[in-house]
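J.: One structure coming up, written as structure tokens, with questions to follow.
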Amino acid sequence: MSGSVTVNIQKDKCTGCGLCRLACSFDKNGVFNPNASRIWILDGDESGFYPNICRNCEEAPCLDACPAGALVRRREDGYILLNSEKCVGCNMCVMVCPFCAIGRMGDRNFKCDTCNHLEKCARICPHGAIQFQTSAHSRANKRRKLAGLLTAKTGGKEKW
Amino acid sequence: MVIVIIGSSIASKSALETLLPGMKKEDRVIIVTRDRDLFYSRVLLPNYISGELEKKDLFFASRDLVDDRRVSVVNEAVLAVDADNKELRLNSGNTVRYDRLIITAGASPTGVNVDGEHLPGVFYLRDLEDAEGIKDRAKRAKSCVVLGGGLVALKAATAVKKSGAQVKLIVASSRLLSAIADETVSRLIFGSLSAEGIDIRLGASIKQIGGNGQGVRYVALEDGTVIDADMVIAGKGVKPNIDIVKGTGIAVERGIIVDAGMETTVKGVYAAGDVAQSMDYLNTRTGLFTLWPDAVQQGRIAAGSILGLEREYTGGLSMNSFVINGMPFIIIGSIREKDIKGCEVYSNFDERRQVYRKIVIRDGKPVGAAFAGDISYAGMVYWDIRAGRAVEEPGKYITKAGLKQIFTSRLF
């Protein structure tokens, strides 16, 4: 299950428009503020642009570095989540992230959480430069989760 | 097979998590620990003292992890390992037999060794019980003296300060964090702590802790200064808990010597975490890498070795990340002046922005880096150091724009 979400970035499709950063910050903080975004755009000058975001590493150094138990893999799809309730903002995860995809604001660190499967950045990108892909195995898990949500177990209250 | 794990901190948890899915149905794990509470993060204790975290927030894993019919917990301190008979002798006189043993016994604080060190109100900061004692005393304390200039001392000082007491930091060395920091980083930390209202005395040695039955009243320094204090916290470093293997064939130096599979010099006995002395990432010397990520990996590898997985420890690399009064610091590898003689050193201090960056290069490869005020791209530099990636344009490592350029060029 681990690492079954892969983040596929097609830099040649990125125009650097920044819509993904706005969508991200709006979803997470309720404001259009690129500085609050969990996705970054690197300007390669004449080579174009690169949307940089957590790649959900198979062997993720951040998971081993967190002394607060704030970083865990989500059970259903193996995506790494940072629980801001547990985070103490120590930057240990920042220090070991090879993709420089963990930020810090206030006294907490933050990273992409796939907008709880809604993947706002990928959805808003007009050119399909960002794609979250899940393996067949994790899709099966997703289906099981959906099935669970529709049955009495959850009282049908959660939204998919 | 009976696998015994001594200790219940992160290396222990990491070992247990690796063992459970991989071991045979009839295998058993016994955790022997003197900790009243299992799986809490010692790193977070200062945040607990300051009131930022509650006790429930200190746990990095749930106790449910040991709710497995194959796992049992013995809440006792280990007196000694008897490697010949493959058993542990416990404080109570009981024994626990093992087929495989993983020692994650951690470390204990170094004593202050002066008159008055046992007075009520003198604390170390290692265990939850210590933190509870400090937290309770700090509520009533007017003036607290913290001894030591290491990370634990600095964090203890800021935590107690937040609870309202006056805090004086007494440091024997001529600079703060002298074990890992260079002159500039020490100076920046000094500034950050001072701005928080902490009074710092460098190059000062303690002579005596004075008081009565009620507890500490003052701290006397070698130079004759007497400081009023109703509590003292000693943060003079730690030493690995190696006494339990004395007289066995398990080799020790400063810690328990382990190989890349975390096995000690006695077959079937492994060590991980703060108690282990392991090879460094350059494969040139062994050392104590008392770091969280190393404890995680070492616990996993020790368990993996028992399960027959061939996975090797990639070696320890000194690295630290901390935030003082809102200012972030990251130190990776060697940056101290005395450790980097003969190296190429590039550094840049922006006084106005209070941003410092430094890169240390030996034989064309980065071996140390420092970030203060702005830690952007520290992750890339960390992996460059670990991988020994050749530095092409060193000047770029000490500006944000330069680092961004290096990072960007690698993605294209």
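Values quoted throughout were computed directly from the atomic coordinates according to the rules given, and no laboratory measurement underlies them. Predicted, not measured: the structure shown is a model, and the values here were computed from it. Cβ: placed from backbone, ideal geometry, glycine included. Neighbour counts: every protein chain shown.
J.: So which residues in segment B:26-48 are farther than 22 Å from B:Asn241 by Cβ, away from chain A (no Cβ under 13 Å) and touching a residue at least 40 places away in the same chain (Cβ under 8 Å)?
T.: Quick first cut of segment B:26-48, residues farther than 22 Å from B:Asn241 by Cβ only: B:26-28, B:47-48.
Add one more test, that the residue is away from chain A (no Cβ under 13 Å), and what stays is B:26-28.
Those that are farther than 22 Å from B:Asn241 by Cβ, away from chain A (no Cβ under 13 Å) and touching a residue at least 40 places away in the same chain (Cβ under 8 Å): B:Asp27, B:Arg28.
J.: Something else now. Yes or no: segment B:178-199 includes at least one residue that is assigned to a strand (DSSP E or B) and among the aliphatic types (A, V, I, L, M).
T.: no
J.: Please specify each residue of segment B:7-37 satisfying the condition of being part of a loop (DSSP other than H, G, I, E, B) and surrounded by fewer than 21 Cβ atoms within 10 Å (Cβ to Cβ).
T.: Within segment B:7-37, B:Met23, B:Lys24, B:Lys25, B:Glu26, B:Asp27, B:Arg34, B:Asp35, B:Arg36, B:Asp37 qualify.
J.: Sticking with this one: Just give me the residues in segment B:327-345 being touching a residue at least 40 places away in the same chain (Cβ under 8 Å) and either more than 19 Å from B:Arg175 (Cα to Cα) or touching a Leu at 6+ places or on another chain (Cβ under 9 Å) (or both), in sequence order. Let's see the steps before the verdict.
T.: Step one: filter segment B:327-345 for residues touching a residue at least 40 places away in the same chain (Cβ under 8 Å), giving B:327-333, B:335-337, B:344.
B:Met327, B:Phe329, B:Ile331, B:Ile332, B:Gly333, B:Glu344, listed by residue number.
J.: Quickly run through segment B:366-398 and pick out the residues that are more than 14 Å from chain A (Cβ to nearest Cβ) and surrounded by fewer than 16 Cβ atoms within 10 Å (Cβ to Cβ).
T.: B:Gly388, B:Ala390, B:Glu392, B:Glu393, B:Gly395 - these are the residues of segment B:366-398 that are more than 14 Å from chain A (Cβ to nearest Cβ) and surrounded by fewer than 16 Cβ atoms within 10 Å (Cβ to Cβ).
J.: How many of the residues in segment B:378-411 are in a loop (DSSP other than H, G, I, E, B) and closer than 22 Å to A:Glu46 by Cα?
T.: Number of matching residues: 3.
J.: I would also like to ask the following. Taking B:Asp64 as the residue in question, decide whether it is under 16 Å from B:Ile306 (Cα atoms) and surrounded by fewer than 23 Cβ atoms within 10 Å (Cβ to Cβ).
T.: no
J.: In the set B:Ile340, B:Ile361, B:Ile330, which member is within 14 Å of chain A (Cβ to nearest Cβ) and more than 19 Å from B:Asp274 (Cα to Cα)? Please lay out each step first, then the result.
T.: Numbers: B:Ile340 fails: within 14 Å of chain A (Cβ to nearest Cβ); B:Ile361 fails: within 14 Å of chain A (Cβ to nearest Cβ).
Just a single option satisfies the conditions, and that option is B:Ile330.
J.: Another one. Among the listed residues A:Glu46, A:Glu85, identify the single one that is at the interface with another protein chain (Cβ under 9 Å from one of its Cβ atoms) and over 16 Å from the mean Cα position of the chain (by Cα).
T.: Working: A:Glu46 fails: at the interface with another protein chain (Cβ under 9 Å from one of its Cβ atoms).
After applying the criteria, what remains is A:Glu85.
J.: I'd like to verify a number: residues in segment A:49-72 that are part of a strand (DSSP E or B) and within 25 Å of B:Gly316 (Cα to Cα), how many?
T.: 2
J.: In segment B:95-133, what count of residues is obtained for those that are over 30 Å from B:Gly261 (Cα atoms) and either without any contact (Cβ under 8 Å) to a residue 24 or more places away in the chain or not hydrophobic (A, V, I, L, M, F, W, C) (or both)?
T.: 13
J.: Given the residues B:Val145, B:Val96, B:Val112, B:Val160, which is the only one that is assigned to a helix (DSSP H, G or I) and not small (Gly, Ala, Ser)?
T.: Working: B:Val145 fails: assigned to a helix (DSSP H, G or I); B:Val96 fails: assigned to a helix (DSSP H, G or I); B:Val112 fails: assigned to a helix (DSSP H, G or I).
From the options B:Val145, B:Val96, B:Val112, B:Val160, the qualifying one is B:Val160.
J.: Let me ask something else. Please go through (1) in contact with a Ser or Thr (Cβ under 8 Å, 6 or more places away or on another chain); (2) surrounded by fewer than 21 Cβ atoms within 10 Å (Cβ to Cβ); (3) part of a loop (DSSP other than H, G, I, E, B) for B:Lys239 and return the number of the only condition it doesn't satisfy.
T.: Result: B:Lys239 passes all but (3).
J.: Still on this structure, please answer the following. Answer yes or no: is there a residue in segment B:11-25 that is within 13 Å of chain A (Cβ to nearest Cβ) and more than 30 Å from B:Val323 (Cβ to Cβ).
T.: yes
J.: Could I ask something else about it? What tally of residues in segment B:124-157 results from selecting those that are basic (Lys, Arg), over 18 Å from the mean Cα position of the chain (by Cα) and buried (at least 22 other Cβ atoms within 10 Å of the Cβ)?
T.: Of the residues in segment B:124-157, 1 are basic (Lys, Arg), over 18 Å from the mean Cα position of the chain (by Cα) and buried (at least 22 other Cβ atoms within 10 Å of the Cβ).
J.: Now a separate question. Please verify whether segment B:50-58 includes one or more residues that are crowded, with 20+ Cβ neighbours inside 10 Å, in contact (Cβ under 8 Å) with a residue 60 or more places away in the chain, part of a loop (DSSP other than H, G, I, E, B) and not aliphatic (A, V, I, L, M).
T.: No, the conditions are met nowhere in segment B:50-58.
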